[in-house]
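The values are calculated or read from the model by the stated rules, or taken from the named source; none is laboratory data. From a predicted model like this one, the values you see are computed outputs, not experimental measurements. Note that each Cβ is placed from the backbone with ideal geometry, even for glycine, and that neighbours are counted across all protein chains shown.
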Amino acid sequence: MSAVLHAHPESGPTLGVAETGKPRRVLSEAGHRGKWWRFTAILAITAIVLVPILVTVVLALTPAPNSTATGLTFENITNVFSKTLAGTWLQNSLITTLSTVAVSVAVAAPAGYVLSRGRSKAVSGYSLLLFVMQSLPIITSVVPLFILFAAMGLVDNLLGLTIIYVGSTMTVATWMMAAYFDSIPVSLEEASWIDGCSVFGSFTKVVLRNSLPGILSTAIFAFLLAWNDYLVAIVFLRSNEIFTLPMGVQSFFQQNNTDWSGVMALAVVMMLPPIIVFATLNKYFSVGGIGGSLAGR
Amino acid sequence: MSSTTAQSGLARARRGLAPGGPGAGPSNNNPNRKSKLSAQASRTFFWLLLPSVVLLVLIHGYPLFQAGIQATHDGNLIQTGNFVGAENFAAVLSSPAFWKAAQFTLWFTIVGVFGSWLVGLGLALLLRTKIPAGGTFKVLLLLPWVVPIVVSSTAWNWLVATPDSLIPSLFRNLGLGTPLFLADPSLAAVTVMVFKVWVSFPFMMMMISAALASVDTTVYEAASMDGATRFQQFSQITLPLIARSTYISWILMTIFCVNDFPTIYLLTGGGPVDATTSLVVLAYRTVFQDFATGPGVAIAFLMTLTLVVVSVLLYRQIRKSSVE
């Protein structure tokens, strides 16, 4: 979907990469004052916007009310791992998320190639179908899938969760891959056909080999969707030891007395991977991918 | 617009206009080889597309079909029940809870879309000019979008949930009374909407920044030489130039808002007294708490219908824009 808009991280404007500063004509004084006024405004806004995130980090690192520690401490984080199933939840989240990423890229890349190069009515019809499917509320398919998966023993099961995540990332992921393949000149493949390469061969050896940015954008998208999902998890997961991190964090709220130090410690653990991905792969963090990614959340 | 290159190529390809491709036909200088390739291409394409089609049928097609059955039966999560025709839809459409949820969804969507757009636009314009550490701010301001909702809703809960939370205490100390952000029905609705804007404005900021980055700056110089005021420059140049991506971002955000579950459910659970129950939350509760599958799925279906219209509109807009 919106992946279409900027799915080409190298040519399209992505965030964080050099912004085209607008050279302003206004001379000296006024312009200079304006600059500092804007700087102050942005600084204030950013500070306010980040309050909830800072609060999370500060509470996670502040000693719990019953603790003897002083200053900032990692005690809450070590406690949450030793006293709850946090380790299992983290592992479950990692397993489902990474499998989702791998499978949805593996499914979306070939399909995206067909969408990009195919010319028939069927192909463009399929493209529209994917587009409509991604905008539908996930709750519609969750109920029938729940009944189907219950019969197959896939409720309260990480494999079942992964299948749904792959299904729900696949639509946008295919569009993202197609948009990226569109930017690869067909002449590259044509040259390889002349050399006797098959269509499939040229797809894997020529096209895929040149598509790392597109693959990374798609992978980031799938990663965030699976990592952040709550709706599918709350419907399909039942037992504590099968929980993923979002369910783990929420499980703290079931008692009357919320252990804020614990929940914030786990919240920090949960927000680190997306922030690390964001910080390191910022260049491939295309607007549209994220846009599409959150359609269902 | 540099950002539209890939996209217009894509849209052209969707309509079968893009040059090249194995199936492009015999217009090239080697017709024989082309048509042989074309047959091979069709076969290969079939196999490349197959996994995706299978998944689409399994995860989207089959459930949608089953949902159609459930919406017209009086069953529960265990058995299908008897066929009741449009009764579930009639029941849903005549229930006050549905219309209340629809109304909340509408307001939530309007505030979510335009609130995040206005904040995103303001920040994109502020960050457009060179300011110290502009890149850093840009990255930091994206964090609300990157951080999982489960995490941010936890933080928001800590900040506003009880009368002794940080922000209500702050209000009290300023002599503004003690607002019950999540306990007072109308204030809770506002809080959820503000939370949604907080989560979504970075998306709008990204979309608008990308559109602004591709605007040729010399236009402004020309305009200011012709005596255009700053406001005229904004309304006559900037807005029209970002109109297309604005339009697309509005429709996308509409889809995100209507489909949103965690932002609302994690902050208020749909309460107090259903004041923040949106259609998705209502559908979820009807199915998984009241175990009334038929009506629950009927609600989801009514939403689906609206969203199909919205997404077809968006699809056509994307295709149309590439013709220009």
Which condition does B:T217 not pass, out of (1) hydroxyl-bearing (S, T, Y); (2) more than 27 Å from A:F131 (Cβ to Cβ); (3) at pLDDT 85 or above, if it passes all the others? (3)
Are there helices (runs of 4 or more DSSP H) fully within segment B:53-166 with at least 2 residues that are at the interface with chain A (Cβ under 9 Å from one of its Cβ atoms) and not hydroxyl-bearing (S, T, Y)? List them. B:62-71, B:96-126, B:134-141, B:143-146, B:149-160
Against the condition more than 30 Å from B:L159 (Cα to Cα) and part of a helix (DSSP H, G or I), how does A:V143 come out, does it pass? yes
Quickly run through segment A:146-165 and pick out the residues that are assigned to a helix (DSSP H, G or I) and of a type in the set (G, A, S). A:A150, A:A151, A:G160
Go through segment B:247-265 and report how many residues are in contact with a Phe, Trp or Tyr (Cβ under 7 Å, 6 or more places away or on another chain) and among the β-branched types (V, I, T). 1
Please go through (1) within 20 Å of the chain's Cα centre (by Cα); (2) closer than 30 Å to A:I77 by Cβ; (3) in contact (Cβ under 8 Å) with a residue 12 or more places away in the chain for A:L159 and return the number of the only condition it doesn't satisfy. (3)
Could you grab me the full set of residues in segment B:247-272 that are more than 12 Å from every other protein chain (Cβ to nearest Cβ) and either assigned to a helix (DSSP H, G or I) or closer than 23 Å to B:E221 by Cα (or both)? B:T268
Qualifying residues in segment B:271-294 (those that are modelled with pLDDT under 90, of a type outside the set (S, T, Y) and crowded, with 24+ Cβ neighbours inside 10 Å) - the one farthest from the chain's Cα centre (by Cα): B:G294
When you look at A:M176, is it buried (at least 21 other Cβ atoms within 10 Å of the Cβ) and under 17 Å from the mean Cα position of the chain (by Cα), yes or no? yes
Which of the helices (runs of 4 or more DSSP H) found entirely inside segment A:166-236 contain at least 2 residues meeting this: without any contact (Cβ under 8 Å) to a residue 12 or more places away in the chain? A:186-194, A:199-202
Sole exception among (1) more than 9 Å from chain A (Cβ to nearest Cβ); (2) free of Cβ contacts under 8 Å to residues at least 24 places away in the same chain; (3) charged (D, E, K, R) for B:R43, by number: (1)
